[in-house]
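The values are calculated or read from the model by the stated rules, or taken from the named source; none is laboratory data. Bear in mind the structure is a predicted one, so any value in this text is a computation, not a measurement. Every residue, glycine among them, receives a Cβ derived from its backbone with ideal geometry; neighbour counts consider all protein chains shown.
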Amino acid sequence: MSKRTEALAQRLEQGVRELADLARSLSEEEWQSRVPGDGRKIGVVVHHVGTMYPVEITLARTLAAGEPVVGVTWIKVHAMNADHARSFDGVTKEEALELLERNSAAAAAAVRAFSDEELDRAAALSLNSDGPRTCQFMLEDHAVGHAWHHLLKIRGALGTRAAAR
């Protein structure tokens with residue numbers, strides 16, 4: 001484990017802690033409310049973050065090996081997210097938090113296992129128009145940043161209610 005991977009893993013864990021803490025504090029009405037501009041229920045989004053960690057780590061490992069990521073497009077990501085939202089529309093807080101905590105712990109462990117050389121390795125990333133991206137970019141933009149991204153959107157959806165928490 002390097003200082004870089006430890007820092008990345010700690011940022012991932014901090015984002016998850018903040019997302020989980022906010023999720024635990026929500027009423028059932030808030031859990032079921034929708035995120036403006038996104039349309040998914042807050043609970044579904046929390047579950048979604050947990051669901052995506054294995055995928056995000058797999059993509060980072062592909063780049064770490066110097067292999068291109070092919071066939072992953074934003075159109076496919078949006079379709080996958082829509083399918084997830086339909087499938088988990090009634091997800092409970094307990095189910096979502098358990099998945100989030102389990103998969104984020106595995107993701108943080110995986111992040112810690114990368115070498116600095118792997119973090120620096122780059123290959124084509126179809127999600128970004130086949131431009132070369134490093135493993136570290138993939139981690140920061142996805143696995144590490146995912147909880148933070150949705151945490152901010154959920155806070156925005158809750159408005160002043162989230163600021164009081």
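In table form, for the structure just shown:
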{"read-out": "Per-region count, the stretch 5-53, residues on the phi > 0 side of the Ramachandran plot and hydrophobic (A, V, I, L, M, F, W, C)", "value": "0"}
{"read-out": "Identity of the residue in the stretch 12-68, touching a residue at least 24 places away in the same chain (Cβ under 8 Å) and polar (S, T, N, Q), that ends up farthest from Glu94 (Cα to Cα)", "value": "Thr62"}
{"read-out": "Test: residue in the stretch 110-119 that is outside any helix (DSSP H, G or I) and touching a residue at least 12 places away in the same chain (Cβ under 8 Å)", "value": "yes"}
{"read-out": "Of all residues making up the stretch 111-145, the number that are among the hydrophobic types (A, V, I, L, M, F, W, C) and either within 30 Å of Glu30 (Cα to Cα) or buried (at least 22 other Cβ atoms within 10 Å of the Cβ) (or both)", "value": "9"}
{"read-out": "Residues located in the stretch 88-102, provided they are part of a helix (DSSP H, G or I) and under 11 Å from His48 (Cβ atoms)", "value": "Ala96, Leu99, Leu100"}
{"read-out": "Extreme residue, farthest from Asp120 (Cα to Cα), among residues of the stretch 130-152 that are assigned to a helix (DSSP H, G or I) and over 13 Å from the mean Cα position of the chain (by Cα)", "value": "Phe137"}
{"read-out": "Subset of the stretch 9-52 (residues that are over 30 Å from Ser115 (Cα atoms) and acidic (Asp, Glu))", "value": "Asp21, Glu28, Glu29, Glu30, Asp38"}
{"read-out": "The stretch 40-87: number of residues that are in contact with a Ser or Thr (Cβ under 8 Å, 6 or more places away or on another chain), outside any helix (DSSP H, G or I) and either of a type outside the set (Lys, Arg) or at pLDDT below 95 (or both)", "value": "6"}
{"read-out": "Any hit, the stretch 66-81, residues being under 21 Å from Gly15 (Cβ atoms), aliphatic (A, V, I, L, M) and in contact with a Leu (Cβ under 7 Å, 6 or more places away or on another chain)", "value": "no"}
